[in-house]
Amino acid sequence: MICLFDRFPVLGQTLPHVDLGEFPTPVRKLVSLGDLLGIRSLYVKDDGVSAPLYGGSKVRKLEFLLGGALRNGAKTVLTFGYAGSNHAATTAFYGDRLGLRTVSMLLPQPPADYVRTNLLLQLASGTELRPCSSAGTLLLDALRVLAAHRMKDGRFPEIIFPGGSSPAGIAGFVNAAFELKQQVEAGILPAPDCIYIAAGTMGTAAGLLLGLRAAGLPTEVMAISVLPGKYVNADRLAAICRRANAFLRRNDGAFPVVDMSGRQFHVRSGFVGTGYAAPTPGGIEAIRLTRETEGIALEGTYTGKTMAALLADARSGALDGKTVLFWNTFNGRPVENAVAGQNYRDLPAPLHRYFEDPPEGTPG
Ligand SMILES: *Cc1c(COP(=O)(O)O)cnc(C)c1O
């Protein structure tokens, strides 16, 4: 169900799209956690179950991005991320199912359990894995990979932006806002006063923000940054929104101009800790509390830090009397079967350390 296309039928003709997930994703009231925090109206929108086999927020973007690759007749898609990138793993998983070859260029990051899973998932998907030692050499490496595939396929691979945050990928989260609007109209939840959502490449928050305004919801977006403020900040988020807005209007003149000048969103950099994927005490507490009260499994890179921000705001009284929505963006489907029988030694050697080194902070 693509609510965006119901509202803007021309987009249904101009934007490529392929069904990968099951929408709408469920909304549920978090009674126990809400009681504990003194928030009477706390809800989760669970994109963890956005698809039956492998969920998470990236499925929304990839419906548009892989749809575009198919429409263009691509044979191979090339994308980028950190070693444990959910985006790269999701691209690999669904690319493989659509008969596309996938290439992931991966930068180093701190070790974590989900990094292992995501690497093995790419191995199982037949992905060509290209570890890169630093962002500085990534561009040159990418040009080499592009040239090699041009030789092999007779054409360049389709490039998918890091995090899937090109305007087309962002359309997936514009749609998500229209989906939420329908759930509000159906009485599943009151119109939220604010939404807490993790922000890395910011396409997710940008799409949501654009979609909320276009759908006529005044909800504030709390974009909880997982990267230093140099990369994730309000100016960049506004610029990404404006680009995506222009793209949607080029594809359907009926899509409104969304004014980004007001204070309708907050980019919060106070919960990153020492950097991307570095565990924080607040994140660890948030993961434990959410598991114990609601049985929801968060992780330390995105959703744990986002919930840590919500907890801090609740405890400061800033959320008193408000309807608050936590957007769970992390895959909630078990992937043991999908990675069973995969051996990390079949990965390129620079990636073995994620399986051989203990996770950060572990003694020994
Ligand atoms: C990618 C991702 C995000 C953030 O999305 P961006 O568009 O990169 O800001 C949030 N949560 C999870 C679990 C993700 O994988």
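The values are calculated or read from the model by the stated rules, or taken from the named source; none is laboratory data. Since the structure is predicted, the reported quantities are computational estimates derived from the model, not experimental observations. All Cβ positions, even for glycine, are placed from backbone atoms using ideal geometry, and neighbour counts span all protein chains on display. For the accessible areas, the whole protein counts, side chains as well, though only heavy atoms, and no ligand, DNA or RNA atoms are used. Shrake-Rupley method; radii C 1.70, N 1.55, O 1.52, S 1.80 Å.
Scanning region 228-244 turns up no residue that is surrounded by fewer than 14 Cβ atoms within 10 Å (Cβ to Cβ), away from the ligand (no atom under 16 Å from the Cβ) and more than 18 Å from Leu15 (Cβ to Cβ).
For region 293-328, a residue qualifies if it is over 16 Å from Asp35 (Cβ atoms), in a strand (DSSP E or B) and within 14 Å of the ligand (Cβ to nearest atom), and the qualifying residues are Trp327, Asn328. When Ala215, Ala223, Ala205, Ala176 are screened for being touching a strand residue (DSSP E or B) at 6+ places or on another chain (Cβ under 6 Å), open to solvent by less than 50 Å² (accessible area, probe 1.4 Å) and under 25 Å from Thr14 (Cβ atoms), only Ala205 passes.
Restricted to region 179-195, and to residues that are under 20 Å from Val267 (Cα atoms) and crowded, with 22+ Cβ neighbours inside 10 Å, which residue is farthest from the ligand (Cβ to nearest atom)? By that ranking, first place goes to Pro192. Scanning region 55-88 for residues being open to solvent by 10 Å² or more (accessible area, probe 1.4 Å), within 14 Å of the ligand (Cβ to nearest atom) and aliphatic (A, V, I, L, M) gives a total of 1.
Scanning region 249-270 finds no residues that are surrounded by 15 or more Cβ atoms within 10 Å (Cβ to Cβ), in a helix (DSSP H, G or I) and among the small types (Gly, Ala, Ser). Based on what the data block shows, is Gly295 out of contact with any helix residue (DSSP H, G or I) (no Cβ under 9 Å at 6 or more places or on another chain), free of Cβ contacts under 8 Å to residues at least 12 places away in the same chain and not hydroxyl-bearing (Ser, Thr, Tyr)? So Gly295 fits the description; yes. Note on region 89-142: among residues that are among the aliphatic types (A, V, I, L, M) and at pLDDT below 95, the one that is least open to solvent (accessible area, probe 1.4 Å) is Ala142. Go through the residues of region 272-285 one by one and say whether even a single one is within 16 Å of Ala112 (Cβ to Cβ), in a helix (DSSP H, G or I) and within 16 Å of the ligand (Cβ to nearest atom). Yes: region 272-285 contains one or more residues that are within 16 Å of Ala112 (Cβ to Cβ), in a helix (DSSP H, G or I) and within 16 Å of the ligand (Cβ to nearest atom). Scanning region 7-55 for residues that are out of contact with any helix residue (DSSP H, G or I) (no Cβ under 8 Å at 6 or more places or on another chain) and outside any loop (DSSP other than H, G, I, E, B) gives Pro9, Gln13, Arg28, Lys29, Val31, Gly34, Asp35, Tyr43, Asp46, Gly48, Val49. When Ala206 is tested against the conditions (1) under 11 Å from the mean Cα position of the chain (by Cα); (2) near the ligand (Cβ under 8 Å from one of its atoms), the lone failure is (1).
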